[in-house]
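Notes follow the structure.
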Amino acid sequence: MERIIDKTKNLLYRLRFFAFAVFFLWIKTYLVYKFGFGIPSDNPLQEFLLFINPLSSAIFILGISFFFNEKWRKRVLMILAVAATLVLYFNLLYYRFFTDYITIPVLFQTSNMGDLGSSVFGLIQWYDVFLFVDILLLMIFAKKQHTFELRPLKREPLLIMLVAVLLFVGNLTLAQAERPQLLTRSFDRDLIVKNIGIFNYHIYDGYIQSQTRAQRVFADSSDIIEVERHVKAKHEQPNPDLYGIAEGKNVIVISMESLQSFVINETVNEDENGENGQVITPFLNSLIDESIYFDNFYHQTGQGKTSDSEYLVANSMFGRDSGSVFFTHGGNVYDAMPGNVADNGYYASVMHANNKSFWNRDMVYQSFGYDKYFDIMSYDVHDENSVGWGLKDVDFFEQSIDLLKSQPEPYYTKFITLTNHFPFELDEEDKFIDEAEYPSRTLNRFFPTVRYMDHALEYFFDRLKEEGIYENSIFIMYGDHYGISSNHDRSMAMYLDKEEITPFDTVQLQRVPMYIHIPGFEGNKVNSTVSGQIDIKPTILHLLGIETEDMFHFGTDLNAPERDELVILRDGSFVTDDFLFTSGTCYDKETEQETELEYCEPYFARVNNDLGYSDKILFGDLLRYKDYDHEAEKQNQTKE
Ligand code: GP9
Ligand code: MN
């Protein structure tokens, strides 16, 4: 026994440079878990798993250096330590904004990163330098060659790897006991990071991504039959009073950046008596009375943000549970709404003042059947009319008027606003209300930028009226995704006058405004059907009198008389008229409290089928087996 202890001591002494590096990588990873990602644990075992899981990765990653010869060993170890730290740090930055971890498809979205400039800057904190302190120390120690050696014996490199693997197997076994089915629920990244660690998560993610690639290769034409049966069985008849009501009219779709329902009909910056607050969305509030307004409407996006919402709206299918369809499956065959309306005599276009390759839009829009994308090149953008991410919304709408007029009628045109985007920057002259005063600067700044977007929308409506475009158009307007992530829960709870934001609240906060505005329409009302972005496609097509029965859509016309009250979010959470399910817990909507799982269970199969079949079409590129005659899609098929 003594000999073993002596040997180990000896080993550790000889390998103290390595041990030092391992120790720091381990501990700082744990600290990032706790303070960066704020990972909670419900019991001591969970906390233990969280604490121990970076150790095996740290040994494994840094242990690779032993396979290099002596001359290189120290240098390689340093490079590995820096690389691991950067992985950790990029995840931390990403998490601060998205409350999520980086996935491999997200990494391929790098063409977006350039434009992210000011956003990334807003995410960096001064104390982040502490993450790199150990690297600095290692560098200093590395110079003192004689005191810090890195010289293992012959067989030790393999032994070190073996220790890492054994530690990992132990970790995984414990994690599986704590969380059965851990690795089969790939959409829950939180659980995976919590149980097996951030570095192993990335390996797992790589494996999952290669699997989804394989799905296309192994798909065949018979796969679509099963999906077709499922989709057909869900189809609901449209509302006869509204079917075709907008036939031949122009369709103006407006994607409202980061707009959530919690600001609608609300005020901010009240005085001590809770009075005299500033109205956040005066125009959108007034528009409710003149529209069919959906107040139980959810965004269903994931990591693909705006692009996911575009995908959901155009295809009535779910985006990916990681990354963005726009990047990973831009070249698939789609039977998307722009192509559908184009087949029915419409001119389909998008107006958005950003680089055309952002979110890979130039390519995807072709696959969706758009006739034209008016990107940044169609706009006059300079310092004076820009803020944050680019052209200010008012200028964007103003400059779009001539573009609209240049199009053949009827047209289907989608506008994507930009100013209300994180980090919610605004010029002084555009601040119609004050920033709020909560601990979260992001939330504080959100209110005036929303107010600005509201103003821009009103301006757009006024201009369309002046130009005589308004009367002959219908408007579909929706929030694209959340603007305020769970990172701001403390301030959000203060704003909403709640003690805390529970998982129930988090799901409810995913509601975004949705308007159908038809000038001259008499039947306006607030419609509380439980619904989401996936329902927009059949809704618009039915208003235009276009039949959807033979289309692959997972949503239901919002105006259909017999709608199922169910909306499924991309992470597998779902909401019905009475219940809400999230993170394994069933809630009663009325009491907002946990209730027995059995109330939610009847929906599980339907939820899994909808997500599963939708993924199957996407990953298998199954629509290539259908003969669609949209021109863009024909081109795609010849590429096969
Ligand atoms: C960029 C805009 C914002 O063109 O649509 O994208 P987001 O970051 O919200 O996904
Ligand atoms: Mn967006």
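The values are calculated or read from the model by the stated rules, or taken from the named source; none is laboratory data. All values reported here derive from a predicted model rather than from experimental measurement. We place every Cβ from the backbone using ideal geometry, glycine too, and count neighbours over all the protein chains shown. The area values use the complete protein model at the heavy-atom level, side chains included, leaving out ligands, DNA and RNA. Shrake-Rupley method; radii C 1.70, N 1.55, O 1.52, S 1.80 Å.
General observations
- Matching entry among LEU12, LEU49, LEU25 (being within 28 Å of LEU158 (Cβ to Cβ) and modelled with pLDDT under 90): LEU12
- Among the residues of the range 543-557, those identified as in contact with an Asp or Glu (Cβ under 7 Å, 6 or more places away or on another chain) and closer than 26 Å to GLU226 by Cβ are MET551, PHE552, PHE554, GLY555, THR556, ASP557.
- Criterion (farther than 13 Å from MET317 by Cα and either at pLDDT 95 or above or crowded, with 21+ Cβ neighbours inside 10 Å (or both)) met by exactly one of ASP578, ASP610: ASP578
- Meets criteria (away from ligand 1 (no atom under 16 Å from the Cβ) and of a type in the set (Lys, Arg)) for LYS249: yes
- Scan of the range 21-44 for residues that are farther than 28 Å from HIS488 by Cα and surrounded by fewer than 16 Cβ atoms within 10 Å (Cβ to Cβ), ordered by number: PHE23
- No other residue among GLN237, GLN211 is touching a residue at least 60 places away in the same chain (Cβ under 8 Å) and open to solvent by 50 Å² or more (accessible area, probe 1.4 Å) apart from GLN237.
- A count restricted to the range 555-571 and to residues that are open to solvent by 10 Å² or more (accessible area, probe 1.4 Å) and closer than 16 Å to ASN609 by Cα stands at 6.
- Selection within the range 299-336 - β-branched (Val, Ile, Thr) and more than 12 Å from ligand 2 (Cβ to nearest atom): VAL313, VAL325, THR328, VAL333
- Restricting the range 462-492 to residues that are within 16 Å of ligand 1 (Cβ to nearest atom) and among the hydroxyl-bearing types (Ser, Thr, Tyr), the residue that is farthest from PRO448 (Cα to Cα): TYR478
- Within the range 261-285, the set of residues being within 16 Å of ligand 2 (Cβ to nearest atom) and under 14 Å from ARG451 (Cβ atoms) comprises just one member, VAL263.
- Hey, VAL313 modelled with pLDDT of 95 or more, within 18 Å of MET514 (Cβ to Cβ) and within 16 Å of ligand 1 (Cβ to nearest atom) or not: yes
- Matching helices (runs of 4 or more DSSP H) fully within the range 254-348 where at least 1 residues are in contact with a His (Cβ under 7 Å, 6 or more places away or on another chain) and over 28 Å from ASP434 (Cα atoms): 305-315, 337-343
- Residue check for TYR495: assigned by TED's automatic domain parsing to the domain that holds LEU541, among the aromatic types (Phe, Trp, Tyr), open to solvent by 10 Å² or more (accessible area, probe 1.4 Å) and within 16 Å of ligand 1 (Cβ to nearest atom): no
- Test: residue in the range 93-101 that is open to solvent by 20 Å² or more (accessible area, probe 1.4 Å) and over 30 Å from HIS488 (Cα atoms): no
- For the range 581-604, a residue qualifies if it is surrounded by 17 or more Cβ atoms within 10 Å (Cβ to Cβ), more than 24 Å from MET317 (Cβ to Cβ) and among the aromatic types (Phe, Trp, Tyr), and exactly one does: TYR587.
- Each residue in the range 395-440 was checked for being more than 20 Å from ASN269 (Cβ to Cβ), more than 16 Å from ligand 2 (Cβ to nearest atom) and assigned to a helix (DSSP H, G or I), and 10 of them qualify.
- Qualifying positions in the range 341-385 - small (Gly, Ala, Ser), more than 16 Å from LEU312 (Cα to Cα) and away from ligand 2 (no atom under 16 Å from the Cβ): ALA342, GLY345, ALA348, SER349, SER357, SER378
- Count of residues meeting criterion [in contact with a Leu (Cβ under 9 Å, 6 or more places away or on another chain) and either surrounded by fewer than 21 Cβ atoms within 10 Å (Cβ to Cβ) or more than 20 Å from SER485 (Cα to Cα) (or both)] in the range 411-434: 4
- All positions within the range 245-260 that are of a type outside the set (A, V, I, L, M, F, W, C), away from ligand 2 (no atom under 16 Å from the Cβ) and within 25 Å of GLY479 (Cα to Cα): GLU247, LYS249, ASN250
- Between LEU457, LEU464, LEU443, the distinction of being in the same structural domain as ASP271 (by TED's automatic domain parsing), open to solvent by less than 20 Å² (accessible area, probe 1.4 Å), within 16 Å of ligand 2 (Cβ to nearest atom) and in a helix (DSSP H, G or I) belongs to LEU457 only.
- Looking across the range 467-491, the residues that are under 16 Å from the mean Cα position of the chain (by Cα) and more than 16 Å from ligand 2 (Cβ to nearest atom) come down to SER486, ASN487.
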